[in-house]
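The values are calculated or read from the model by the stated rules, or taken from the named source; none is laboratory data. Treat the numbers as computed from the prediction; the structure is a model and nothing was measured. Cβ atoms come from the backbone with ideal geometry, glycine included; neighbour counts cover every protein chain shown.
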Amino acid sequence: MLILMDAVCQARPALVRRGQRLEYFTIAYNSAEGLVAIAAGWMAGSVSLIGFGLDSVIEVCSGAALLWRLRHDLHPSRREQVERTTAHVVGACLVALALYVVFQSGSALIRRDAAERSIPGIVVAAVSVIVMPLLARAKRQVAEGIGSAAMNADSKQADFCACLSAILLGGLLLNAVWGWWWADPIAGLAMAPIIAREGVNALRGRPCCEARPCC
């Protein structure tokens, strides 16, 4: 047992470095994704596309919070406090985003605001459908290795970002091909409970030392 724990402790710094590289990629990718999505959504009047872009901004903030968390990982005295704070930041941002998407999508349905076709939006959604599941799996491996609830919540963000991408892509294609204007706000409303659920889960996330033994 002691040999196993020693091996886990020796592997931890390598996992932390891998986690940091993943978060740097997250920040870079989602910054570009968010800019494209928000700009395309603004031009097309697409609520779901703007919501998707704001979700990318949230993921940038989450990535920055996780970098802060990982930089304190090798300091056991601070690890648990930083873990909880990071999870709360991620969760609060997600809940706020869910409320925004519900408000905007509901308003669009009531006003019958029709979004224009958006080729850039379709492209960015299609790319994210491919990239996000791979990123989520890599983050989940690091989260399991270091016992981090915050990192696990961040991996779930990438998971449901892939789901949001698929929902967004479907709504944009339905609007572009058949002119179903209501598909866009409906897609936004479909995103909201997924975002809210993960936000609440992050707020309730357990500290790392409750998930598995810390070194």
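Given the options I3, I38, I50, name the one that is among the β-branched types (V, I, T), at pLDDT below 90, in a helix (DSSP H, G or I) and within 23 Å of the chain's Cα centre (by Cα). Of the residues listed, the single one that is among the β-branched types (V, I, T), at pLDDT below 90, in a helix (DSSP H, G or I) and within 23 Å of the chain's Cα centre (by Cα) is I50. One residue stands out among those in the stretch 100-143 that are small (G, A, S), at pLDDT below 90 and surrounded by fewer than 22 Cβ atoms within 10 Å (Cβ to Cβ): the one that is farthest from G188 (Cα to Cα), which is A114. Residues that are among the hydroxyl-bearing types (S, T, Y) and surrounded by fewer than 18 Cβ atoms within 10 Å (Cβ to Cβ) within the stretch 54-99 comprise S77, T85, listed in sequence order.
For the stretch 156-181, name all the residues that are surrounded by fewer than 22 Cβ atoms within 10 Å (Cβ to Cβ), part of a helix (DSSP H, G or I) and among the small types (G, A, S). A162, A166, G170, A176, listed by residue number.
Of all positions in the stretch 182-195, at least one carries a residue that is more than 30 Å from R69 (Cα to Cα) and assigned to a loop (DSSP other than H, G, I, E, B).
Part of a helix (DSSP H, G or I), under 16 Å from the mean Cα position of the chain (by Cα) and within 24 Å of A183 (Cβ to Cβ): does that describe L67?
no
Screening D73 against (1) closer than 15 Å to L168 by Cβ; (2) in a loop (DSSP other than H, G, I, E, B); (3) not hydrophobic (A, V, I, L, M, F, W, C) leaves a single unmet condition, (1).
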